[in-house]
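The values are calculated or read from the model by the stated rules, or taken from the named source; none is laboratory data. Quick caveat, the model's predicted, so the values are computed rather than measured. Backbone-built Cβ (ideal geometry, glycine too); neighbour counts: all protein chains shown.
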Amino acid sequence: MLPRPSASGVPDLIMFSAGLALFYGIVQVGRNWLGPFHPQIEISRSLAALPVYAGYSLLRIALAYVLSLFFAVTYGYIAAYRPRAERFMIPLLDVLQSIPVLSFLPGVMLAMAALFPGRQLGVELGAVLLIFTGQVWNMAFSFYASLKSVPREMREAATIYRFNWWQRFLQIELPFATIGLVWNSMMSVAGAWFFLMACEQFGDFRLPGLGSYLQAAADGGDTRSILLGIVTMVAVIVLIDQFVWRPVIAWAEKFKMEQVESASAPTSWVLDFLRRSRGVALFRKRAIRPLREQMVHYFSRGNVVRAESARENTTGLWLWRVAGLVALSAIGYSVVRVVMILTGLSGAEFHQIAVGLFATWLRVNVTLLLGALWTIPVGVAIGFHPRLARIAQPLAQIAASVPATAVFPVVLLVLIRLGGGLGFGSIVLLLLGTQWYILFNVIAGAMAIPTDLKEAASVFGIRGWERWRKLILPGIFPFLVTGMITASGGAWNVSIVAEYAHLKGQIYSTVGIGAMISGATDAKNFNLLLASTIALAAVVVTTNRLLWRRLYRLAETRFKLEG
Amino acid sequence: MTELVEPIIRAQAVEKFYVQPDGNRIEVIAPVDLNVEPGKIIALLGPSGCGKSTLLRILTGLSKPSSGEVLWHGKPLTSQNAGVAIVFQSFALFPWLTVLDNVEAPLEARGVAALERHKRALRILDTVGLDGFESAYPKELSGGMKQRVGFARALVVEPEVLFMDEPFSALDVLTAENLRNELLELWISKKMPTSAIFIVTHNIEEAVLLADRVIVLARNPAWVRADFPIELPHPRDRKSPRFIELVDYIYKIMTQPQLAAAVPDATAAVQKPVRQKYQMIPHARVGGIAGLLELLLDRGGKEYLHRLSEVLIMDAEDLLPIIEASVLLGFATLKEGDVQITEEGARFAEADILARKILFRQAALNHVVILQQIDSILHAKTDHSISEEFFYDILDEHFSADEVERQFDTAMNWGRYAEIFDFDRESHRLILAEPVGEPHPPTTSVQP
């Protein structure tokens, strides 16, 4: 049910002002980005600078997101409809998804700065590209999986009623994929904040933004600015939630493949507001509908002259072959170069990499263990007690919404004041970045244990440790594994920024592959940087295959609670 | 049949098979000739999984036959030149479009202008009784209403042949009956812009109620077992002797593969001898078989097929596999549409839980080829276990992928019940269930 357009002009006035503000913002950003590059950018700590910094951070996120969306749709579409491409595109996606993106941060930044010498644009694009790499894969996979799961009869209906390409895309594929895309977008953007903060704080390539503001505040030991920065961060995230995600989720409700209307649909006051706006209604009627009509006619004309497409297909095939050949030769060339660089490394450097890998591996797993140790009892308690959940869950969500990288400088400051090196400090940092994944999954798992199973356990007098062993742990197992997989990926990522830090003009570091990557960047030792990055990616992908993938399969088969 | 009228669709020796990697062919549809003539409702009947939906998809141009050809008014059929529409079992409506948008979508694809589109869609919605629901979304509608939208969407393109793929089987009994009658009314009063209807169904009564011509398919692979006209005037009376006679007749041909009985007072076209094939297990659970045998025993050991279907409120699709399984196991016999319990069957029905397992085990090892194979291999191997892959390989050579899955599931259900083997889900292996060293094959017979 659509709310009737209201008679008052208030919504329209607001929409118009928003448009003006947007235009002003674009002009300002353009001036900054096309301006000269500042290697050591001065970060102002004044309150007035905060909204501007928040705006810059937001803009980077938005740009990277739009880029990701287009890429994800294209990639998913090709993979779903070209079986030959699918065969390598999906395994590739799998590998790309499990590589820790932050390990590329130094390399990407150096490359982009070299590509646009003397311009701020290069570093800005570097940050956008990095965030893009962090968020695109799960979106692409979600779109691909949605396309693959369009019911057969729906596809057949489209064929028998001669839907053209455009109609299929707009009326079947896109709607069908919307819900998955929305949820994955939310996850991706949450992750994007994490990467963005790391980018903004990164050594010589610092960018004006919330991340660098917080870093500067911590550097100066300025508690007031630290608090203001964190409050702004939370405010921005809450606003995005209210003005973007909630309306989109409420709107996407109509794309649910349900047979019966669900009782409680998500609502959003912003969406209601937009639906009430006369301006929006007018825009739909005057601009969107005629445009749609034009598209329909354009594509249905193509429908009649279908016979010619056979010839196009052969040229298309050749294009694909040429593209494949180019890609293959590029890959081949890179592999040769990499091998040449790697063979140039000394034995001592290889030894160093091995030690670093082992230290970080240990650190990551200790973190996971510690994370699981506190989140399992707490998560189960929250999941089992709805009243506790009502208080604890929103709190945890807000705490989790603050990207760990944003508060790194602050935590680092505290850790160093307390004494004790980064060796243990980095574990705290890793924990900060990854524990939430486990906690939320454990809560979800505890909530998913059916009441009748809990009742059966209490009827048969199963309590204490026995209750944990027979009921709770098996019940949350699939969720725990999912949380641990995500957390493990996150922890490897965080290690890049957690093991090596600039603070108050000093460098703090500990033994680890993350420290090596960051250190190699600072020392401009590209060969070591490349070798460490590759080694890290290889270890992570291998662990995923050997350990997590197997646990996940076990969770899927033996411990799945089927309705 | 005399061919006075030119058929709209003419399928000539269409065949569907899948070629295995080893070059082996799995035949799904044996070469079939089939015409769709104007002015008729044609019903295609067959047991589940027999390939009738595949045949429908070939006739509409959705799917290409592996060999043979389909002609549309004498020209090769493509999905672009066919004047056809399909009403789907699952409705296949777009949940994010309103009723009106759903009906307009096919016109949009044909490039019909907005105003004209709107007018035509409204007119057809009016015809199927969906006045006032234009702006509703499908999920707000009941099943019957949804299928009306399905009809409207099909009719709005004015198809020359309207195809229906089990259009009423997702609906409850009363709604289905109501919708069937309305369809007939539209058809008889010529309010439909359609010159032929082709309906795929597994419901025998539905076929006899609607069709001017019934085609019965046999399975594995599909071939036309019978093709005969029904000349009863509409509306048809389910209680009339002729109606019951026809229903009984179809039951008979569907249950007896070898039967070549003539239609009473009509010419039957029965082709092809039954080929020698790998034994196919009917998809019935042990519980279903036991239930049927108990019921039979209760009713004096013998009952008419269609009477059984009435008592159990099951249609042929669900009932036939259970009966076929009982016959295969030697628990019952089928003659002329009568199901008769055997001595073994009666013993099984009366036995207690443990004795039943033993009786079932004997019957299974005596009659079911795949279980015999599993049993002998498990005894022959030193570790008394074997990967499930082995049996997939055997089945793959004879059945399509879906059928393999169903065959395996049923064999698992029977074999585990009979304690011939155990199945380890994690290693995907079958393991001998009994203590090692028992004589093979087991011949101990326990009287209940």
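Of everything in the range B:70-129, what is closer than 20 Å to B:V36 by Cβ, β-branched (V, I, T) and either at pLDDT below 90 or not assigned by TED's automatic domain parsing to the domain that holds B:I197 (or both)? Give them in sequence order.
B:T78 - this is the single residue of the range B:70-129 that is closer than 20 Å to B:V36 by Cβ, β-branched (V, I, T) and either at pLDDT below 90 or not assigned by TED's automatic domain parsing to the domain that holds B:I197 (or both).
I'd like to know if the range A:88-105 contains one or more residues that are among the charged types (D, E, K, R), touching a residue at least 40 places away in the same chain (Cβ under 8 Å) and assigned to a helix (DSSP H, G or I). Give the derivation first.
Step one: list which residues in the range A:88-105 are among the charged types (D, E, K, R), which gives A:94.
Okay, now just the ones that are also touching a residue at least 40 places away in the same chain (Cβ under 8 Å), so none.
Looking for residues that are among the charged types (D, E, K, R), touching a residue at least 40 places away in the same chain (Cβ under 8 Å) and assigned to a helix (DSSP H, G or I), one finds none in the range A:88-105, hence no.
Within 24 Å of the chain's Cα centre (by Cα) and either among the basic types (K, R) or modelled with pLDDT under 90 (or both): which single residue out of B:L184, B:L171, B:L210 fits that description?
Criteria check complete, one pass: B:L171.
Among the listed residues A:A217, A:A250, A:A235, which satisfies the condition of being surrounded by 21 or more Cβ atoms within 10 Å (Cβ to Cβ) and of a type in the set (G, A, S)?
Criteria check complete, one pass: A:A217.
Select from the range A:55-73 the residues that are more than 12 Å from the chain's Cα centre (by Cα) and of a type in the set (V, I, T) and write down the one among them that is surrounded by the most Cβ atoms within 10 Å (Cβ to Cβ).
Result: A:V73.
On the basis of being away from chain B (no Cβ under 14 Å), crowded, with 17+ Cβ neighbours inside 10 Å, of a type in the set (A, V, I, L, M) and part of a helix (DSSP H, G or I), does A:I230 make the cut? Walk me through how you get there before you give the answer.
Values: away from chain B (no Cβ under 14 Å): yes; crowded, with 17+ Cβ neighbours inside 10 Å: yes; of a type in the set (A, V, I, L, M): yes; part of a helix (DSSP H, G or I): yes.
The answer is yes for A:I230.
Name the residue that is surrounded by the fewest Cβ atoms within 10 Å (Cβ to Cβ), counting only residues in the range B:117-142 that are touching a residue at least 40 places away in the same chain (Cβ under 8 Å), at the interface with chain A (Cβ under 10 Å from one of its Cβ atoms) and part of a helix (DSSP H, G or I).
By that ranking, first place goes to B:K139.
Give A:W492, A:W468, A:W436 a once-over and let me know the one that is closer than 17 Å to A:A372 by Cβ, outside the structural domain of A:G203 (by TED's automatic domain parsing) and touching a Pro at 6+ places or on another chain (Cβ under 6 Å).
A:W492
Would you point out the residue of the range B:80-116, among those that are among the aromatic types (F, W, Y) and either closer than 20 Å to B:F198 by Cα or not in a loop (DSSP other than H, G, I, E, B) (or both), that is farthest from the other protein chains (Cβ to nearest Cβ)?
Only one residue fits best here, namely B:F91.
Which one of these is closer than 30 Å to A:S458 by Cα, modelled with pLDDT of 85 or more and of a type in the set (A, V, I, L, M): A:A381, A:A354?
Exactly one residue qualifies, and that residue is A:A381.
Please state which of the following conditions A:L207 fails to meet, knowing it meets all the rest: (1) more than 14 Å from chain B (Cβ to nearest Cβ); (2) in a helix (DSSP H, G or I); (3) in contact with a Lys or Arg (Cβ under 9 Å, 6 or more places away or on another chain).
Just one mismatch for A:L207, condition (2).
Looking only at the range A:413-431, which residues are closer than 16 Å to A:I496 by Cα, touching a helix residue (DSSP H, G or I) at 6+ places or on another chain (Cβ under 7 Å) and of a type in the set (A, V, I, L, M)?
A:I427, A:V428, A:L429, A:L430, A:L431
Looking only at the range B:306-321, which residues are in a helix (DSSP H, G or I) and within 14 Å of the chain's Cα centre (by Cα)?
Of all residues in the range B:306-321, those in a helix (DSSP H, G or I) come to B:306-311, B:316-321.
Across the range B:306-321, the qualifying residues are B:A316, B:E317, B:D318, B:L319, B:L320, B:P321.
Every residue, every condition in (1) of a type in the set (K, R); (2) crowded, with 17+ Cβ neighbours inside 10 Å; (3) in the same structural domain as B:S427 (by TED's automatic domain parsing), yes or no:
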residue: B:L328; (1), (2), (3): no, yes, no
residue: B:R361; (1), (2), (3): yes, yes, no
residue: B:E403; (1), (2), (3): no, yes, yes
residue: B:D409; (1), (2), (3): no, no, yes
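Consider the range B:143-175. How many of its residues are among the charged types (D, E, K, R) and in a loop (DSSP other than H, G, I, E, B)?
Let us first name the residues in the range B:143-175 that are among the charged types (D, E, K, R), namely B:146, B:148, B:153, B:158, B:160, B:165-166, B:172.
Going one step further and asking which of them are in a loop (DSSP other than H, G, I, E, B), we end up with B:158, B:160, B:166, B:172.
Number satisfying all stated conditions: 4.
Given the conditions (1) surrounded by fewer than 16 Cβ atoms within 10 Å (Cβ to Cβ); (2) modelled with pLDDT under 85, report the number of the one that B:V369 does not fulfil.
(2)
What is the residue count in the range A:146-184 for residues that are in contact with a helix residue (DSSP H, G or I) (Cβ under 7 Å, 6 or more places away or on another chain) and either in a helix (DSSP H, G or I) or more than 9 Å from chain B (Cβ to nearest Cβ) (or both)?
Final tally of qualifying residues: 23.
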